[in-house]
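Everything below concerns the one structure shown next.
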Amino acid sequence: MPTSVRSHTKINLGLAIGPLRPDRFHQLTTVYQTLDLHEWVTVDARTAPATRITLTSTHPQVPIDDRNTAWRMVERCLELSGLNAEVYIHIDKQLPVQGGLGAGSANAVAALLGLEHELKRRLSPAARLQVAAEVGSDIPLFLLGGAVVGVGRGEEVYPLPDIPSLPCVIALPVIGVSTPQAYRDWDDLAALTLVDPSATIGELSRSIAAAFGEPHSSGVFSEAVHAREDRAEDPLLALVRTGIENDFERVVFPQYPSLGEIKRILVGGPSTEDAAIHAGLSGSGSALFGLYRTSGAATAALERLERHGVTGLVTRTLPRSDYWRTMMMADGT
């Protein structure tokens, strides 16, 4: 029987763009957070004399060949496992393509998990992460779930202490944002304003360290503030207090002023009850998010979006344990 896997999405609580690397990727530091919002990926696989992959989707813009990250993930994992298989992948696409929610990357991890379940063969955690990093920059985060810090080009990931689940409103504007163009615009801005790209990386790294405490083993947070045993503040509130933001907003909002207006709608008015704890662009957009203290505040934010003709939906942030507990729906059940 086929295996169906929830393909969860993510937001970027903050994102700092650093200098261009020799491999032409930008150095990044970001804080990912997985969401309950998800699509479904179904995998049907059996060993065969030669590998053949077939991919279908409910969305006409989803590539159904080796341009698709789920296809490439499955193909590479079969190679590493030394297996040939006939694999059928179906992506029930519910979210915009290239919306900044990492849906395509999540599809790749869901396809991997479905393949492993179908063939009863698992890669080691290290091999999983290696393949994920080869296939796409923000795929590895979906092998951890919860709150995750990403460095390098976003593919080097480390789990952070979980943030309690919070209501989250996602705004889905009709416009699309080109990530490569957003990076080019950032480079132009940095050149014109003499912005030090390394400085934004350092600022976000210090913010993460101040909010979450212990630095991770990569040494990225060399100026980390060690966690105190009596730390009582919610790490998200501590992070927001540092002024965490997404560097892409500095170039995307001038190009698409309506996105800046949507962020203001999500933030809300002066009432602390209805105001967002934190709001911003996810990735390079065009999706935006707002996090709220109560379901009522999230509903009020959704109603504000709808009054302005913006499509939105309500979901929740998903801690790591819940992420893995709800992932699999095996054997078509």
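Protection proxy ranking, highest mean first, for peptides 45-54, 137-146: 137-146, 45-54, where packing is the per-residue count of other beta-carbon atoms within 10 Å, averaged. The amide H of K93, built 1.01 Å from its N in the peptide plane, has T58, H59 as neighbours under 5 Å, considering only residues 5 or more places off or on other chains. In a fully extended conformation the segment linking S124 and S81 would gain 14.5 nm over its present Cα-Cα distance, using 0.36 nm per residue.
Less than 11 Å from a label point 7 Å out along the Cα-to-Cβ axis of L237: which backbone N atoms in region 154-176 qualify, by residue? So the set is empty, nothing qualifies. Selection among L236, A16, S124 by position relative to the dipole of the chain gives S124 as farthest towards the positive end (Cβ unit charges, Cα centre). Distant-in-sequence amide contacts of G152, defined by a placed amide H-H separation under 5 Å and a gap of 5 or more residues or a different chain, comprise L28. Rank T311, Q61, T193 by how far each Cα sits towards the positive end of the charge dipole of the chain (+1 on Lys, Arg Cβ; -1 on Asp, Glu Cβ) and give me just the farthest. With unit charges placed on the Cβ atoms, the residue in question is Q61.
Could you give the length gained on full extension between T294 and Q61, defined as 0.36 nm per residue of separation minus the Cα-Cα distance, in nm? Walk me through the intermediate numbers first.
On the way: separation 233, 0.36 × 233 = 83.88 nm, distance 3.55 nm.
Here the answer is 80.3 nm.
The fraction of accessible area contributed by carbon and sulfur in the chain is 53 percent, rounded to a whole number (1.4 Å probe; ligands and nucleic acids excluded).
Per-residue ellipticity at 222 nm for the chain, helices alone: DSSP H runs ≥ 4 residues times -39500 (n - 2.57), over residue total, nearest 500 deg cm²/dmol?
Values: 10 runs with 116 residues, N = 333.
Calculated at 222 nm, the ellipticity per residue is -10500 deg cm²/dmol.
By a 1.4 Å probe calculation restricted to protein chains, R184 has an accessible surface near 120 Å², given to the nearest 10. Across the chain, the mean sequence separation of Cα contacts (distance under 8 Å, 6 or more residues apart), normalised by length, yields a relative contact order of 25 percent.
Rounded to the nearest 10 square angstrom, E306 shows an accessible area of 110 square angstrom against a 1.4 Å probe.
The values are calculated or read from the model by the stated rules, or taken from the named source; none is laboratory data. None of the values given here were measured: they were computed from a predicted structure. Backbone-built Cβ (ideal geometry, glycine too); neighbour counts: all protein chains shown. For the accessible areas, the whole protein counts, side chains as well, though only heavy atoms, and no ligand, DNA or RNA atoms are used. Shrake-Rupley method; radii C 1.70, N 1.55, O 1.52, S 1.80 Å.
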